[in-house]
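Here the structure comes first, spelled out in structure tokens, and everything after it is commentary.
The values are calculated or read from the model by the stated rules, or taken from the named source; none is laboratory data. Being a predicted model, the structure only gives us computed values, none of them experimental. Neighbour counts are summed over all protein chains in view; Cβ atoms, including those assigned to glycine, are modelled from backbone coordinates with ideal geometry. Heads up: the accessible areas ignore ligands, DNA and RNA and are worked out on the full protein's heavy atoms, side chains in. Shrake-Rupley method; radii C 1.70, N 1.55, O 1.52, S 1.80 Å.
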Amino acid sequence: MKKKSLIIATIIVIIDQVLKIVIDNILSINESTQVIPNVFYITKVYNTGAAWSLFEGSGILLIIIAIVAFFLLLKYQNYFMENKRNILAFALIYGGLVGNLIDRVIYGYVIDYLHIYIFGFSFPVFNLADIAIVVGFLLIIIAIIKGEEHDSSKQRGK
């Protein structure tokens, strides 16, 4: 299951990095392009923090957290039933973690570019890696609710 997840994660990382490179080369910092009026914009920002710019300027800490989380999740994946949803869940999280980790290590910040307004509320700008992480964790929560984190065919400690 890990091998499949890591292959999918690699594809996610490649797509994430290509999108970030394209956005970084096309737009200036804080420049915005309207996609759907009053709803969706491509806006380039550099985020030195985590989600919603929390822990701004804590780059080394965020790098360490991402690396530790990656390896803990690799181990934790052993406890889940092997099915398409669980493979995808872990792949999304791995891909998102690594995609943002690459940015932090190379640039010292994450390139964010997706900007959504709903009912006049401006959501913080995010990127594909962020979406992958959130969707991956939502899928893991579904697996836990369904009891799939205790795959009886696997022994703890492996």
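Structural remarks
- Listed candidates (i) 42, 32, 31; (ii) 52, 34, 26; (iii) 36, 34, 33 - label of the one calculated as Cα extents along the principal axes in Å: (ii)
- Net lengthening on full extension, TYR107/LYS2 (0.36 nm per residue, minus Cα-Cα): 34.9 nm
- The residues of the chain expose, per residue, 57 Å² of accessible area to a 1.4 Å probe.
- Size of charge dipole - the stretch 34-105 - debye, nearest 20, with Cβ of Lys, Arg +1 and Asp, Glu -1, no other charges: 140 debye
- The chain: relative contact order as a whole-number percent, Cα under 8 Å and 6+ apart: 32 percent
- A simple charge model with +1 on the Cβ of Lys and Arg, -1 on the Cβ of Asp and Glu and nothing else charged puts the dipole of the chain at about 720 debye relative to its Cα centre.
- Fraction of accessible area attributable to carbon and sulfur, the chain (%, probe 1.4 Å): 72 percent
- Oblate is the label for the stretch 65-158, because the ratio a/c of its alpha-carbon gyration tensor axes (a ≥ b ≥ c) is 1.5 or higher and a/b is not greater than b/c.
- Among LEU114, LEU138, LEU19, LEU128, the sequence by solvent-accessible area, most first, with a 1.4 Å probe is LEU138, LEU19, LEU128, LEU114.
- Rounded, prolate or oblate (a/c below 1.5 giving rounded, otherwise prolate when a/b exceeds b/c) for the stretch 84-125 by Cα gyration tensor: oblate
- With helices as the sole contributors, the chain gives -18500 deg cm²/dmol at 222 nm; each DSSP H run of n ≥ 4 counts as -39500 (n - 2.57), and the sum is divided by every residue.
- Most positive-pole-ward Cα, ASN25, THR43, LEU139, against dipole of the chain from beta carbon charges: LEU139
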